[in-house]
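Below is one structure, written out as structure tokens; the observations come after it.
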């Protein structure tokens, strides 16, 4: 029994057979920063790609304390009870497993972690959002090839990572608490506009009344905002992740949303748009990185920035100067 | 009397003296796509830059039909009556003077156009938003050097141009009409989150009641959204540009906002951020342009795009392939 070094072909076969050990190893290769793993990682991804089209990808965000882990635990159970295989991934550039990211802290998902129909993987480590997002996005492919029906992708709703997650999912869920005032400070402007559904969590006990008021307020507010590209007007629901109430209605909405979007082709259109987004985004990042890391640019950038801030040159002129010296150096 | 070809020094002197003919000529040079004008344009801009710090820059957006021209006419009159010099510029990549952009259609601003304290300039022509935005942004510098106290920058609220305008102003005003339903379709998602003030226009005659309801609704909605970086919670007002009612209150809010932001330094911080934004944005655009125009990239891009859409390679792998061939060709 050769456990230590399966071949790439064996790994791919394992993933396609739904073997979680193979899936875990595959994701480890995809996440590796060791350049000798890159070739194998690419082979695995490209073997999985044609098999990975039928899942539902759901992004879940909300500020710390809103109850994301408890929600995923309850929602995950609901889905596995319905016979679905559920994978939980995360995008959290600041976290490392050792520092205890939300998903790393497995005590919070005690049930789901033991559920044979569920696969939980903490956020890949890394400081650059681009790198972390890329790894998560490629891990989705592997999970889909392994037969997971629903992929939940969690992110902390306080940085740039929601945009990344929004660009890799079919449906985006924002968790909130009633009593907007205190909690608003944490959430980034723009996140509300990304949501396909807003869920007011902790609607239990004495909070129920407040949660219902918050629901009405958000419904009213969302009505003043333009509908989404596909005509969807975001829904607002209350739920208690703790008591597992309200999760069924949430799944029904998502299920209907996906069915409708598959019927009118928006599902495929959006996935194609997302693929183009990641292609362009990667090109963009790499072109910029190469520019900002060039010796010529690094030696000039501070002076040019200073000149702009001191109103000596316009930002456009400063850009031209930097580009001229970059391109001259590269010829 | 040498009217046809003033030297650059004379032009700069004219602009600094507040001579509108010199200002007009200066802007024409800045807008020129003739590369032989570039040097002179840059000299003019850099001579004006140190003199251009004391204006208030206000962005004004709203879908067609919301009454932008009428609003600017009324608001401009109010400001000039208060002794302020007002310049009106525009960012509208789709318009050309001949096709009759909103500002090109001067019949809509009959009074303001004849007002000696006002300077009106239609949107520079051009198809690329980046080019049009750059020209407008550099024209602001010239207007400020010419002593204009308030610069109004108009844009049609249906495309990408609001983001560009938002990134060149101190205060962003969104014009809307009561009866959200019909009019919402036109406005882009995200524009509402940019607004520092929402003005419900056409609050006159039978519309007054509706406008007041809309005001309350928006106030309630905005309260659910996170405050801006400087703690500002966007205001909602009604106005009738036609009857010139409500404009005074709008100006008071802007005036107070600017005074507060100058006191707490946010005014300068934001302008510096905007300068950095335009530096980075310009670098970004030019790096991308060079990439996408390269022969190697153009010959590969279609195939790579197709491979991604057909799930043969991941977008990240496709990006690497394109970059490899681009960088090899340039070495």
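So in the protein assembly as shown, what percent of DSSP beta bridges are antiparallel if you round to the nearest 5?
Details: 2 of 60 bridges.
Once the DSSP bridges in the protein assembly as shown are tallied, antiparallel ones form about 5 percent.
Assuming a ≥ b ≥ c are the square roots of the Cα gyration tensor eigenvalues, decide whether the range B:105-157 counts as rounded (a/c under 1.5), prolate (otherwise, with a/b larger than b/c) or oblate. Oblate, because a/c is 1.5 or more while a/b does not exceed b/c.
Each copy carries residue B:277; placing its label point 7 Å along the C-beta direction from Cα gives inter-copy distances of 2.1 nm, listed from smallest up. Of all residues in chain A, the one whose Cβ lies closest to the rotation axis carrying A onto B, together with that distance in whole Å, is A:221, 2.
Okay, helix-only estimate at 222 nm for chain A: each DSSP H run of n ≥ 4 adds -39500 (n - 2.57), divide by all residues, round to 500 deg cm²/dmol; what do you get?
Theoretical 222 nm ellipticity from helices: -16500 deg cm²/dmol.
Inter-label distance, residue B:252 to residue B:223: 2.1 nm, where each label sits 7 Å from its Cα along the C-beta direction.
Determine the shape class of the range A:191-317: with a ≥ b ≥ c the square roots of the Cα gyration tensor eigenvalues, call it rounded for a/c under 1.5, and otherwise prolate if a/b is greater than b/c, oblate otherwise.
Verdict is prolate for the range A:191-317.
Rounded to two decimals, the Cα-based Rg/Rh of chain B, with Kirkwood Rh, is 1.02.
Note on A:286-297: average number of Cβ atoms from other chains within 10 Å of each residue's Cβ is 3.
Between this copy and the others, label points of residue B:82 are 5.6 nm apart in ascending order, each placed 7 angstrom from Cα in the Cβ direction. Each label was represented as a point 7 Å from its Cα along the Cα-to-Cβ direction; for residue A:43 and residue B:295 these points are 3.6 nm apart. Shortest first, residue B:232 label-point distances to identical copies amount to 3.2 nm, with the label point at 7 Å from Cα along Cα→Cβ.
Which residue fluctuates most in the GNM of chain A (Cα springs below 10 Å): A:287, A:78, A:300? Answer for the Gaussian network model of chain A: A:300. The spread of Cα positions in the protein assembly as shown, taken along each principal axis and listed from longest to shortest, comes to 98, 65, 43 Å. Among A:59, A:14, A:67, the residue with the largest mean-square fluctuation in a Gaussian network model of chain A, with springs joining Cα atoms closer than 10 Å, is A:14. Length available on full extension from residue A:206 to residue A:113: 0.36 nm per residue minus the Cα-Cα distance, which gives 30.4 nm.
Taking A:55, A:36, A:240 in turn, the Gaussian network model of chain A (Cα-Cα springs below 10 Å) assigns the largest fluctuation to A:36.
Each value in this text was obtained by applying a stated rule to the coordinates, not by laboratory testing. Computed from a prediction, not measured in an experiment: that's the story for all the values here. Quick reminder, even Gly has a Cβ in these numbers, built from the backbone with ideal geometry, and neighbours come from all protein chains shown.
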